[in-house]
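The values are calculated or read from the model by the stated rules, or taken from the named source; none is laboratory data. Here the structure is a predicted model, which is why all the values come from computation and not from measurement. Because the Cβ atoms are built from the backbone with ideal geometry, glycine has one as well, and the counts that use them run over all protein chains shown.
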Amino acid sequence: MEPEPVEDETSPFAFADEILSYSNRLWKTLAYFSALSVFLVILVIWIALELPSTGDWALLLYGYASLLIIYFPVAVWNSFRLVLPLKRWMDDYFEFAFVVKFELLPAKGKDSQEKILNKLSEVYPRVSRLRVHTPKAVRTGVGLRRDAKIVWDAAIDLRYPRIIRIPWVHRQLGRPTYLLAKRFDVGSPVSPETLREFGEGLKHDLRWQNHDIIRIFIVSTTGFSPEAVAAVREESIPILSRYPVELVVENPKGYALPIKD
């Protein structure tokens, strides 16, 4: 008896088939709207010049219009199907570029804070623009409140106001959007207990604050224990699981990501 094919096995040509199907829908949709544009231009010219509607020309226009009307729902459906995969493709590309820029490109800077800021500027172009045009949005060696338990190596507010710049008002009454980086320089790999304490400090610092967090980068010079990596991957640390957390291992050449998926 021949073994049954595994239905959920991913074909190595799946993405190529998806691109081929996408290009097929794309040219059909472009052809339809091009034909619709030609029809509308001819119709406007016909009405503007008050040309006589002879039987043959009228029949041709009616036939042309009928074909366009019949295919219209298909063209609209294809248009939606063209837009739907773009968000997923953008996310996939960002994840791929994220790993490539973090691991393959060397870290540049005179100290650890400058290195992580330069790396975040490579990954997030908006950070690079903020460092030039709104430098107060990029802070190093600071806490998010006066009695903060966590001192961040980099705290970047992507929504820092460019016109009315009153930091206290923005942090307390506005909605800051943070990229955060914390570096652990300890003698042993970061453990789940250290991450839990870190989560408690994060909860304390962010209470009563209306905020968004794009990503938290936890950087370690000695790596992370297998249990810590598993806890972040499985989101088993209650407080940290609320936020997108990225574990980063610092090495002499740059950075490495224990979790790449």
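Looking at region 206-241 only, could you name the residues that are acidic (Asp, Glu) and touching a strand residue (DSSP E or B) at 6+ places or on another chain (Cβ under 9 Å)?
Matches in region 206-241: ASP212, GLU235.
If you check ALA65, ALA107, ALA97, ALA75, which single one turns out to be touching a residue at least 12 places away in the same chain (Cβ under 8 Å) and under 30 Å from PRO161 (Cβ atoms)?
Going through ALA65, ALA107, ALA97, ALA75 in turn, just one is touching a residue at least 12 places away in the same chain (Cβ under 8 Å) and under 30 Å from PRO161 (Cβ atoms): ALA97.
Consider only pairs whose beta carbons are under 7 Å apart and that are at least six residues apart or on different chains; among these, list those whose first residue lies in region 11-25 and is in a helix (DSSP H, G or I) and at pLDDT 70 or above and whose second residue is surrounded by 12 or more Cβ atoms within 10 Å (Cβ to Cβ) and basic (Lys, Arg).
Cβ pairs passing all conditions: ARG25/ARG81.
Scan region 230-243 and tell me whether some residue there is touching a residue at least 12 places away in the same chain (Cβ under 8 Å), part of a strand (DSSP E or B) and either of a type in the set (Phe, Trp, Tyr) or under 20 Å from ALA97 (Cα atoms) (or both).
Among the residues of region 230-243, not one is touching a residue at least 12 places away in the same chain (Cβ under 8 Å), part of a strand (DSSP E or B) and either of a type in the set (Phe, Trp, Tyr) or under 20 Å from ALA97 (Cα atoms) (or both), which makes the answer no.
Only residues that are over 20 Å from the mean Cα position of the chain (by Cα) and touching a residue at least 24 places away in the same chain (Cβ under 8 Å): list them for region 129-146, please.
Within region 129-146, HIS133, THR134, LYS136, THR140, GLY141, GLY143, LEU144, ARG145 meet the criteria.
Is it true that VAL83 is assigned by TED's automatic domain parsing to the domain that holds ARG25, exposed (fewer than 15 other Cβ atoms within 10 Å of the Cβ) and β-branched (Val, Ile, Thr)?
Against the criterion (assigned by TED's automatic domain parsing to the domain that holds ARG25, exposed (fewer than 15 other Cβ atoms within 10 Å of the Cβ) and β-branched (Val, Ile, Thr)), VAL83 qualifies.
Any idea which residue in region 16-52 is surrounded by the fewest Cβ atoms within 10 Å (Cβ to Cβ), counting only those that are among the acidic types (Asp, Glu) and within 36 Å of the chain's Cα centre (by Cα)?
Taking the candidates together, the pick is ASP17.
For every residue, the table says whether it meets (1) at pLDDT 90 or above; (2) closer than 23 Å to LYS136 by Cα; (3) within 21 Å of the chain's Cα centre (by Cα).
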{"site": "GLY199", "(1), (2), (3)": "yes, no, no"}
{"site": "TRP208", "(1), (2), (3)": "no, yes, no"}
{"site": "ASP212", "(1), (2), (3)": "no, yes, yes"}
{"site": "ARG215", "(1), (2), (3)": "yes, yes, yes"}
{"site": "SER225", "(1), (2), (3)": "yes, no, no"}
{"site": "ALA228", "(1), (2), (3)": "yes, no, no"}
{"site": "VAL232", "(1), (2), (3)": "yes, no, yes"}
{"site": "VAL248", "(1), (2), (3)": "yes, no, yes"}
{"site": "GLY254", "(1), (2), (3)": "no, no, no"}
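Just to verify a result, which residue in region 109-128, among those that are surrounded by fewer than 12 Cβ atoms within 10 Å (Cβ to Cβ) and more than 20 Å from the chain's Cα centre (by Cα), is nearest to ARG215 (Cα to Cα)?
Out of the qualifying residues, it is ASP111.
Consider LYS110 carefully, then state whether it is farther than 22 Å from SER23 by Cα and either in a helix (DSSP H, G or I) or charged (D, E, K, R) (or both).
yes
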